[in-house]
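Below is one structure, written out as structure tokens; comments come after it.
Read-outs throughout are calculated quantities, based only on the coordinates presented, and are distinct from any laboratory measurement. All values derive from a computational prediction rather than experimental measurement. Cβ coordinates were reconstructed from backbone atoms using ideal geometry, including for glycine residues, and neighbour counts include every protein chain displayed.
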Amino acid sequence: MAVTDTALLALANHRSCLESFNLYGNTRVTDTGLVALIKARGKDLRSVGLGSCEQVTDVSVGAFAAHYANMEFLGLTCQLDGKSNSTMVASRMTYRLQSRAKWTSV
């Protein structure tokens, strides 16, 4: 069973110390649920995996960068032209937040 925006909204409204989660390959989560979670619980987040989450856009990534300097790791992958190839530098992107809204490739 895949996590949905409904589940992320429930987490956003629940008092927890969520520090890490991985939604790799989830096709049901969108910016709506993810941004709500970031705004509510982002100060506690340290590591998030969003690889191949087809409905997550730069809106969510921007929310991480703009609001939470405590983020240590944000894992992203994407497909270019329908091809997933680990040798294509642009198709596998992993970033570390160096400071509030400053990203560098690793």
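Subtracting the Cα-Cα distance of Asn13 and Lys39 from 0.36 nm times their residue separation leaves 8.3 nm of extension gain. Shape verdict for the stretch 1-53, please, from the Cα gyration tensor: rounded (a/c under 1.5), prolate (a/b greater than b/c) or oblate. Cα axes put the stretch 1-53 in the oblate bin. Summing Lys and Arg as +1 and Asp and Glu as -1 over all other residues whose Cβ lies under 13 Å from the Cβ of Val59 gives a net charge of -1. Among the chymotrypsin sites (Phe, Trp or Tyr not before Pro) in the stretch 1-75, those placed in a DSSP loop whose Cβ has at most 13 other Cβ atoms within 10 Å are Tyr24. Net charge within 15 Å of Asn22 by Cβ-Cβ distance, Lys/Arg positive one each and Asp/Glu negative one each, not counting Asn22 itself? Summing Lys and Arg as +1 and Asp and Glu as -1 gives 0.
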